Amino acid sequence: MAALLIVTGMLSSLSFATVHQTPPRTNTIRTIVVDPGHNGTFHGTHGLISKEEDVTLEIGLKLGEAIKKAFPDIKVVYTRTTDATVGGATTLKDDLHNRADIANQAKGDLFISIHCDATPQPAGGYYAKRVIGHKRKLEYVGRGKRKRKKWVMAPIYESYWVKNMRIGASTYIWKAEKTTDKVNAINHTDEGDGEIQDSTVDWDTESPEAKIRAQLYEQKYFKKSAIFAAMVEDEFQKTGRTTLGVLQRDKGIQVLQATGMPSVLIETGYLTNKEEEEYLNSDEGQNEVVKNIVDALSRYKDQLETGKTSVNALPDSLNQR
Ligand SMILES: [Zn+2]
């Protein structure tokens, strides 16, 4: 009996040791935070038939479900699942802060914010004027006693319909100050204004806490964010979507900076283009966008766990970091 106890004790201490000798899998993804942009109070942009906050919620919820299905071990946390502000926020600033808080409290390993883009021009299209010729016209020139009639050449205008053509998906990562030189290769000018609302927020970037967070992001999360972003864009492109690439912006996407984890903001397409808006509102389009993101996630997860890269789209300047 005593011997048996000793053996049992040895076995259990062995198995205990075995469990603890297995190296911790630090490079795996346990929790993903899905952030459907905007809400019914702090609106995003809109198209002819839809509002950004509705489209981002639909895609966000579908994305969460698809992640759970593809990777049952991964926990999905949403920043919102309804039209209401996040955490009952009464200001946009608090709404965005609450999103970051949810992500940080969940100890997320990846933050995916879903948005839709827009041009400054009206959704669908607009009428513009052009000169198609001139005609002689009698006009009064001069003032008072010097006033006289004069023949002038007046332009003849024609109004014409301009279709809003801009389309494409882009994936944003936050632009940490020190990264600027090294990642010029992925710096593009951002012409979209889909996030104008966000950029009006007076976000605190000068506090010691914010600076530490920026440093952390630079050291730990920037490269992972860039790799995942490049994979997302790659998947969009493979599907045949127009892609605008991995972009950086320092203003307007501070929610990415406030999350202590790799984070991206995906502009899934332009609501101001009639066809792209219809695509983003259709089941088929939403499912395709979700599939693209999940496929990118699968590649990203593989890379973290095996160390093998599958991104060709990533500029050399980023691979060297
Ligand atoms: Zn947005």
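Just so it is clear, none of the values below were taken in a lab; they were calculated from the coordinates. These numbers come from a predicted model, not from an experiment. Don't worry about glycine lacking a Cβ; one is built from the backbone with ideal geometry, like all the others, and counts go over all protein chains shown.
Fewest neighbouring Cβ atoms within 10 Å first, the residues 173, 253, 29, 74 line up as 74, 29, 253, 173. The H on the amide N of residue 116, modeled in the peptide plane, is under 5 Å from the matching H of 268, each at least 5 residues off or on a different chain. For residue 243, nonlocal amide neighbours, meaning residues 5 or more places apart or on other chains whose placed amide H falls under 5 Å from its own, are 169.
At an R0 of 22 angstrom, the distance between the Cβ atoms of residue 130 and residue 152 translates into a FRET efficiency of 0.65.
Cut-off under 26 Å on the C-alpha distance; same-chain residues fewer than 8 positions from residue 308 excluded. Which lysines are left, in chain and number order? Output for residue 308: 68, 69, 75, 107, 175, 182, 220, 223, 224, 238, 291. The slack in the chain from residue 166 to residue 212, taken as 0.36 nm per residue of separation less the alpha-carbon distance, amounts to 12.8 nm.
When each of 242, 119, 81 is scored by the number of other beta-carbon atoms lying within 10 Å, the sequence from fewest to most is 81, 242, 119.
Projected label points at residue 140 and residue 107, each 7 Å from Cα along the beta carbon direction, are separated by 8.2 nanometres. Relative to the compact-globule estimate of 2.2 N^0.38 Å, the Cα radius of gyration of the range 49-184 comes out at 1.91. Residues 170, 298 in ascending order of nearby Cβ atoms (within 10 Å, fewest first): 298, 170.
Amide H contacts of residue 162: 126, 127, 128, each under 5 Å away and 5 or more positions distant or on a separate chain (H built 1.01 Å from N in the peptide plane; Pro and chain starts excluded).
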